[in-house]
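These notes concern the structure reproduced below.
The values are calculated or read from the model by the stated rules, or taken from the named source; none is laboratory data. Since the model is a prediction, treat every value here as computed from it, not as a measurement. In this analysis, Cβ positions are derived from the backbone assuming ideal geometry, glycine residues included, and neighbour counts consider all displayed protein chains. Heavy atoms of the whole protein, side chains included, go into the accessibility calculation; ligands, DNA and RNA do not. Shrake-Rupley method; radii C 1.70, N 1.55, O 1.52, S 1.80 Å.
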Amino acid sequence: MASDEDYAKKQASQIRQSRKFKAFVVALIIVVNVLAVYIFTSGGPSRLDLNQISRYTQQLSLPLSSCDTAPLIADLNFTRAQLYSTHSRIAELHEHLTSANALIESLLTQLTRLNERERSPSDQTNYRADLFSATNLPEELRLAIGPQKLPLGNSPRVGSDVVLPPVGAACLMFREELAEYMSYQVGAECPVDDALSQKLMVKGCESLPRRRCHPKTPANSAEPIPFPQALWTTPPDNSIAWDAYQCKSYQCLIDRRDKPGVFDCKDCFHLEGREKHRWMFDNGNLDYGMDQVLATRPRGTIRIGLDIGGGSGTFAARMRERNVTIVTTTMNYDGPFNNFIASRGLLSMHMTVAQRLPFFENTLDIVHSMHVLSNWIPDSMLEFTLYDIYRVLRPGGLFWLDHFFCLGPQLNGTYVPMFDRVGFKRVRWNVGRKVDRGGNE
């Protein structure tokens, strides 16, 4: 009953706001029109004198021999100047009226939207569909993001009789790419468009709309390797489809570590190399040992957590060996990182750094991130991310910011104050130089 009263109060408040807005628009229209009438009817030096024109006409009707031409020429020049001035003034008034009309149209549009918000909840859903009405987009896209009528009518839990499928607001800014992503044959195999989907995600189109098609799978898909051997065994090549990547085998990905060029997580797939020793030893400087970090909390209280931008999942594998369950977020930048993590018997999530963490407040024991959270991220976005990490960590949980890199002056000038604002309490803090990119980092 209380919810009905709140809804009625809200409706009454919206109606009062609508009436005030309508009164404002009417007053504005009256002011604009009065101003226009005043401008056109007021006198001024640029106003055309009709008596002068009449006199000029009379003089011109006389024979040239009977009048002096000098005054006539002077009068003609004066008249021409007056005409130029009048034309300029008219053009200026026309610009003012055009601006006033544009303002009125904008206000009327806002008034229309305000009226739409006062209608039933089902009418509010028309706004998303209207964004696409003038664009030639696939019907599958309209169906995927359009309003869906609830079979049982209005739901108090939803607060409406329709639901809108979640889709990132930034998706609507990239309509051509979104239309391409949603162009496929329903029920058939999805296009191999991993690069397109990740491009949209990085631009902020996250979450992507759902699709009604099947991902491509390998012809002779292999069974997964049993656990725990899977943690440190390279999976067979026929466990995934390679169409989206330059490399067509895991050996090719392993060999990239010795080749020139820049690759995302260049040696992550080489499980017998540097991956085998990560977080195993504590050098007292920037490399922390996993056991030493876990020892900062009571034994057994670090149970579940998140690794942001975890590459091929080695941090989660090390934690799994210590009975800690870690979810790893990663992107497939020219490599099947998510597939590789899953093949190791670990949990992966295909999501960008910018997305809100899909966990409830105060639920995780540990959040870790290595290299990903650094000064390449805009300051405001990084601060939102840090607050989101704080949100999902339980009281007493650990945030392990691993090898954060920045320019020397940025540390005390930008990032230390940012960490302090978020409210993290430092358990351990080490600073050093990143010598592989120059001494100032």
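Residue pairs whose Cβ atoms lie under 6 Å apart, separated by 6 or more positions or on different chains, with the first residue in the range 294-311 and under 20 Å from V327 (Cα atoms) and open to solvent by less than 20 Å² (accessible area, probe 1.4 Å) and the second modelled with pLDDT under 95 and in a loop (DSSP other than H, G, I, E, B), are I308/V372; G311/C265; G311/C268. Against the numbered list (1) under 27 Å from P226 (Cβ atoms); (2) touching a residue at least 24 places away in the same chain (Cβ under 8 Å); (3) open to solvent by less than 20 Å² (accessible area, probe 1.4 Å), T330 comes up short only at (2).
Filtered by the rule that a residue be within 17 Å of T233 (Cβ to Cβ) and in contact with a Phe, Trp or Tyr (Cβ under 9 Å, 6 or more places away or on another chain), the range 252-273 gives L253, I254, C268, F269, L271, E272.
Condition check for V163 on (1) touching a strand residue (DSSP E or B) at 6+ places or on another chain (Cβ under 9 Å); (2) touching a residue at least 24 places away in the same chain (Cβ under 8 Å): one failure, at (2). Restricting to strands (runs of 3 or more DSSP E) lying wholly in the range 336-441: which have 2 or more residues that are more than 20 Å from the chain's Cα centre (by Cα) and either surrounded by fewer than 19 Cβ atoms within 10 Å (Cβ to Cβ) or free of Cβ contacts under 8 Å to residues at least 12 places away in the same chain (or both)? Counting at least 2 such residues, we get 393-402.
In this structure, L196 does not satisfy being modelled with pLDDT under 85 and either outside any loop (DSSP other than H, G, I, E, B) or exposed (fewer than 13 other Cβ atoms within 10 Å of the Cβ) (or both). Residues in the range 147-189 that are surrounded by 14 or more Cβ atoms within 10 Å (Cβ to Cβ), assigned to a helix (DSSP H, G or I) and either more than 19 Å from the chain's Cα centre (by Cα) or of a type outside the set (A, V, I, L, M, F, W, C) (or both): R175, E177, E180, Y181.
Reported count of residues in the range 207-265, each being surrounded by 11 or more Cβ atoms within 10 Å (Cβ to Cβ), part of a helix (DSSP H, G or I) and of a type outside the set (D, E), is 12.
Looking for whichever is outside the structural domain of G345 (by the TED database), among the β-branched types (V, I, T) and in contact (Cβ under 8 Å) with a residue 24 or more places away in the chain here; the options are T217, T314. Which one fits?
Only one candidate passes the filter, namely T217.
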